[in-house]
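**Q** One structure is given below, represented as structure tokens, and several questions about it will come after.
What follows draws every value from the coordinates through simple rules; no lab data is involved. Just so you know, these numbers come straight off a predicted model, no measurement behind them. Because the Cβ atoms are built from the backbone with ideal geometry, glycine has one as well, and the counts that use them run over all protein chains shown.
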Amino acid sequence: MKFITIDKKDWAKGIDKSRRTYQLFGPVKDENGCKIKELDTGLVPDMDYHESVMSAKSVLFPQSETLLTASLNESVEDHHIMKRAENAYTPRAVLGIRPYDAKAILLVKMNFDTKDYRDPYWCDAYEATTLVGLGITRPGPFDFSTSVGCGPFCEDGLDILMADLDDHYLAKVLTPKGEAYAVACGFDAAADDKESQALFDILRKEAEKNIASSVETDKLKEKVLLDLHEAPFWDEVAFSCINCGTCTYVCPTCWCFDIQDETKQKESSRFRNWDTCMSPLFTRHATGHNPRGVKVQRVRQRFMHKLKYFLDKYDQGIMCVGCGRCVKSCPVNIDIREVCQTMNTYEKKD
Amino acid sequence: MENPYMPYPVRIDDIQIATEDKSLKTFKFIFLNEGDEEKFAYHAGQFAELSIPGVGEIPIGIASSPVEKGFVKFTVFRTGVVTSHLHNMKVGDIMGIRGPLGNWYPWDKLENKNVVIIGGGFAFTTLRSSIVYMLDPANRSKFKNIDVVYGARSPGMLLYREELFEWEKRDDINMHITVDGTDDPDWKYHTGFVPQVVEQNAPKADEDTYAIICGPPIMIKFTQPSLTQLGYKPDQIIMSLENRMKCGIGMCGRCNIGKELVCKDGPVFTLDEINQTPKEY
Amino acid sequence: MDTCIKKIRALAADLLDKGEVERVIGFAKGTIPMATSPIAIGSKQEIEKLVFNSTCGLNLANFATKQKGKIAIIAKGCDSRNIVTHIVENQIKRDQIYIIGVPCNGMVDKFKIAALFKDEITQFEEAGDTLTVSSVSQTQTLSKQDVLRENCRLCTHRNPVLYDVLAAELVEEQVLENPFPDVDRIEALDSDAKWEHFENLTKNCIRCYACKNACPLCYCPTCFVDEAGPQWVGKGQNKTDVDTFHFLRAFHCAGRCTDCGACVEACPMGINVRDFTRKLNKDALELFGWEAGLDLTKRPPLDAYSPQDPNDFIK
């Protein structure tokens, strides 16, 4: 563990230096809101941003990603034999990522890196990525990260955690990857360990006090899965849902994807796209049978998966880091905090 | 670990029309690369993703048995984009197979037990794999009595007809072949729906007997009560679920039902496990 | 604007009490500032849940179809035009729906308001034309007229065109010399600039389909983007596929769109997808003299053929 002081006047120059060996990503504001984007040369991340509409998951898990390619040209020797697509996994750094997005990456890792299978695309990207986090001193109104195992200064999943102290950043280096990145930027002004840690503790407590939103999840584990599934409140929850994919796409812990093949003349490629359990086609069999063909079944699936199935399966808390993006972006204002409360307090009537 | 999305290249070695209405075909594949067949070592009950570059992938139960070497066989029903394309392919064409995927029938639990196999329609593929496995001289002594009830709409819709009739002649397996109806006067076997044939011919349950059941949802729905009547408890009834799948390795989330991922925690479940899962299959 | 919520609640309560309708579809108070949520209430006891204000930007006609029994619905001017379209297109029967018409003088643009603050909005209150909006660091008083949604600024059908009862007095309709200044602006651009405009427009689209699903016109059991045999459009982030979705959807809505703005309201990225549909609305007016949803007896122009249809495009 090591602490570094970074004068804000040196920030842009430092990260520019790191471009020699790192591809940079960070928050960028545009007319449609703030997003985590690749930073072209000269583009500095907007470190004053509050929330980004989309999470950082697209750095490791792009919305469209080619997996395999094959030639369909029968005169070529290895025609119809698939090869891994040439994607680059050069080192990259995500600057200014929020702690809840980094924690979310750890949750998503449980899906892509299991004892039976390793998704090479996601995992190679993960290994090549350094996460430089920025603590949230002023949590937004939809941030409920502290009640779901995360928080505005949570260190889980980060390689560096930075605190914004007006004219400078105080950076806490958490991992060897973080250390390597600091070196690549030339940030080496060491700060006193004890004082710095004390300062971080104060900042964390202050920030957590400013969290205005919360949920209760304490009784979810003990609820019987099928009782929650058959509960009568789902019809009311689901009425306004328009089954778009907004909640799933802005959510940093949602990982479902679709795999498709496309051809262009004699070249074929197999790629994956983000997909959403809210789509009516998600579970439709080729025969036409659709186990979740009715809207309420899909709405129920999303909340049950996030707040109950994942909890029961892995016993690592719910599949939510409290970023509040779905609450803000849902076109019909379906609020996961309310649904969580309803589920947590549900008692089956006999 | 290898890339789990990468299929093993295979060549179509043989295509047989499996049913009289030509809606099903049995494909025999041979691995192109030395060593791939060993890597693909599978158990009866598993499935694989048949992969056609430029078209897509489909999850299909493995019809050949682990004791059959040199090839793998799948029986495929033509119903959508990929299956239609596959049905139009020729011997010699190259494509891919990903797998083996999913869990398998609990062979270790079934040792020294009586096994009752119940199948309907074209869900008989992994059951064929299981029967060939059990009947193999190296394995037969591991199991006690084997009873099979298999039904289809008509004689021409039964899969693996020749093999079925061969097994019927054996004395180390009790075959109860049935059809819903037929106007063939020479039909030697049962006529009637699977649930009734099960009720009339399947052995009563005891703690040494397990039932493996695989078929269309409607057959399962009506066969379950027959088994319950014969005394089978939910943890003695083993089923294989189907669901919409894409990755087959438990990552894309599509086949998720309750806590289970059908492609990874299944597709084989006991009825007991299924009863604790939402009915979204 | 007289939010007339007391009248709406009284009318709704009465209908439910007398058993004249099974459910009333309206808006409920949101859990976050500037949001409301479509709701269906089935009993008089739930009447207090209904609200109506300048953030009720979605189109309730989208929720009116496939309901069991008779329903009542809160309908602004644009919503009522979509109900007319639903009836003409056989998505609902006239006697299945009891329309509580609400004359409207506009909804606010949430993105425009958010852009005036440097942090998240925490409170939104309205009193007539005055809006008091706060974030953690500041409070501003705004005039509603200054932050109206674009489609509301150019609206010429504020009063419901079809209704069973009105919840308030009719309001004065705007008369616009040029109802399509936004389309004219784009049409005046040269080819390259036009291309760039549309490329820019869709660069942040995440294919969530919130626009399509919030739109009352998009009710196809299988949308063209979901067809697999054959597949018409790719589902990924390929630019051509993204643009194809938007262009093609706009054409499917041509001559039927009422410019209710639900698509823009729903979009999490704040993309002005109306740039696609507005041009087609202008064409419908200029080529066919047609505005959607005003006449229960006529089908939209692309549904019907007449020998008088303009055909000077045939060279």
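**Q** Rounded to the nearest Å, what's the spacing between the alpha carbon centres of segment A:83-103 and segment A:216-286? Just the number, please.
**A** First find each Cα centre; the distance between them is then 23 Å.
**Q** Can you put C:ARG23, A:ARG325 in order of Cβ neighbours within 10 angstrom, beginning with the fewest?
**A** Numbers: C:ARG23 22, A:ARG325 25.
With the sparsest Cβ surroundings first, the list reads C:ARG23, A:ARG325.
**Q** Residues with beta-carbon under 15 Å from that of A:VAL173, excluding A:VAL173: net charge, scoring Lys, Arg +1 and Asp, Glu -1?
**A** Details: positive: A:LYS2, A:LYS172, A:LYS177; negative: A:GLU155, A:ASP159, A:GLU179, A:ASP188, A:ASP192, A:ASP193.
So the surrounding residues net to -3.
**Q** Here's something else I'd like to know. Give me the one-decimal nm value for the distance between modelled label points at A:LYS8 and C:PHE251, 7 Å along each residue's Cα-to-Cβ direction.
**A** The two pseudo-label positions are separated by 5.1 nm.
**Q** Quick one: work out the % antiparallel among DSSP beta bridges in the protein assembly as shown, nearest 5. Please list the in-between numbers first.
**A** Numbers: 89 of 133 bridges.
Roughly 65 percent of the DSSP beta bridges within the protein assembly as shown come out antiparallel.
**Q** Let me ask another. Mind checking the angle between helix B:125-135 and chain B's longest principal axis? C-alpha axes, 0 to 90 degrees, to the nearest 10.
**A** 70 degrees
**Q** Report the antiparallel proportion of the DSSP beta bridges in segment C:1-132 as a percent, rounded to a multiple of 5.
**A** Counting only bridges with both partners in segment C:1-132, antiparallel ones make up about 60 percent.
**Q** Right, something else. Hey, fewest Cβ within 10 Å first, where do B:TYR133, B:TYR150 land in order? Working shown, then result.
**A** Values: B:TYR133 23, B:TYR150 30.
Exposure proxy ranking, most exposed first: B:TYR133, B:TYR150.
**Q** Run through segment A:1-68 and list the trypsin sites (Lys or Arg not before Pro) located in a DSSP loop whose Cβ has at most 16 other Cβ atoms within 10 Å. Can you show the working numbers first?
**A** Values: sites: A:LYS2, A:LYS8, A:LYS9, A:LYS13, A:LYS17, A:ARG19, A:ARG20, A:LYS29, A:LYS35, A:LYS37, A:LYS57; in loops: A:ARG19, A:ARG20.
When the trypsin sites (Lys or Arg not before Pro) of segment A:1-68 are filtered for loop state and at most 16 Cβ neighbours within 10 Å, A:ARG19, A:ARG20 remain.
**Q** Here is a further query. Going by a ≥ b ≥ c, the root eigenvalues of the Cα gyration tensor, does chain A fall in the rounded group (a/c under 1.5), the prolate group (a/b larger than b/c) or the oblate group?
**A** oblate
**Q** Which GluC sites (Glu not before Pro) does segment A:219-272 hold that lie in a coil by DSSP with at most 14 other beta carbons within 10 Å?
**A** Values: sites: A:GLU222, A:GLU230, A:GLU236, A:GLU262, A:GLU267; in loops: A:GLU222, A:GLU230.
The qualifying sites are A:GLU222, A:GLU230.
**Q** How large are Rg and Dmax for the protein assembly as shown when calculated on the C-alpha trace, in angstrom?
**A** When restricted to Cα atoms, the protein assembly as shown yields Rg and Dmax of 30.9, 95 Å.
**Q** Report the Cα centroid-to-centroid distance between segment C:19-58 and segment C:144-190 in angstrom, as an integer.
**A** 24 Å
**Q** From the Cα gyration tensor of segment A:225-344, with a ≥ b ≥ c the square roots of its eigenvalues, which class applies: rounded if a/c is under 1.5, or else prolate if a/b is larger than b/c, or else oblate?
**A** Numbers: a/c = 1.87, a/b = 1.63, b/c = 1.15.
The shape class here is prolate.
**Q** Could you pull out the pairs from C:LYS49/C:LYS110; B:LYS25/B:LYS69; A:LYS177/C:LYS239 whose alpha carbons sit more than 26 Å apart here? Display every interim value, and only then the final one.
**A** Working: C:LYS49/C:LYS110 22 Å; B:LYS25/B:LYS69 20 Å; A:LYS177/C:LYS239 35 Å.
Over 26 Å Cα-Cα: A:LYS177/C:LYS239.
**Q** Along the Cα-to-Cβ line of A:ASP116, 7 Å from the Cα, sits a label point; which residues in segment B:209-239 have backbone N less than 17 Å from it?
**A** B:239
**Q** Another question about this same structure. Let me know the charge dipole size of segment C:177-310 about its Cα centre in debye, to the nearest 20, where only the beta-carbon of Lys, Arg (+1) and Asp, Glu (-1) is charged. Kindly include the intermediate steps, with their values, before the conclusion.
**A** Numbers: 15 positive and 21 negative charges, 100 e Å.
It comes to approximately 480 debye.
**Q** Within segment C:90-173, list the GluC sites (Glu not before Pro) lying in a DSSP loop whose Cβ has at most 11 other Cβ atoms in a 10 Å radius.
**A** On the way: sites: C:GLU120, C:GLU125, C:GLU126, C:GLU150, C:GLU169, C:GLU172, C:GLU173; in loops: C:GLU120, C:GLU169, C:GLU172, C:GLU173.
Taking segment C:90-173 and a limit of 11 other Cβ atoms within 10 Å, the loop GluC sites (Glu not before Pro) found are C:GLU169, C:GLU172.
**Q** Please compute the average number of Cβ atoms from other chains found within 10 Å of each residue's Cβ in peptide C:203-215.
**A** On the way: counts 2, 8, 1, 11, 9, 13, 8, 11, 3, 2, 10, 4, 1.
Taking all residues of C:203-215 together, the mean is 6.
**Q** Okay, next question. Which distance in nm do the two modelled labels at C:LYS282 and C:ALA188 give, with both placed 7 Å along the Cα-to-Cβ direction?
**A** Placing both labels 7 Å along Cα→Cβ, they lie 1.1 nm apart.
**Q** Fewest Cβ neighbours within 10 Å first, please rank C:THR277, A:THR69 accordingly. Before the final figure, lay out each step's value.
**A** Details: C:THR277 25, A:THR69 17.
Going from sparsest to densest Cβ surroundings: A:THR69, C:THR277.
**Q** Would you mind pulling out the separation of the Cα centroids of segment B:120-199 and segment B:49-109, in Å?
**A** One Cα centre to the other: 22 Å.
**Q** Moving on. Unpartnered cysteines of chain B (Cβ-Cβ under 4.7 Å counts as a partner)?
**A** B:CYS214, B:CYS255, B:CYS263
**Q** What's the longest bit of chain B with no exposed trypsin sites (Lys or Arg not before Pro), using DSSP loop states and at most 10 other Cβ atoms within 10 Å as the test?
**A** Numbers: sites that count: B:LYS22, B:LYS69, B:LYS90, B:LYS188, B:LYS204.
Here the longest run is B:91-187.
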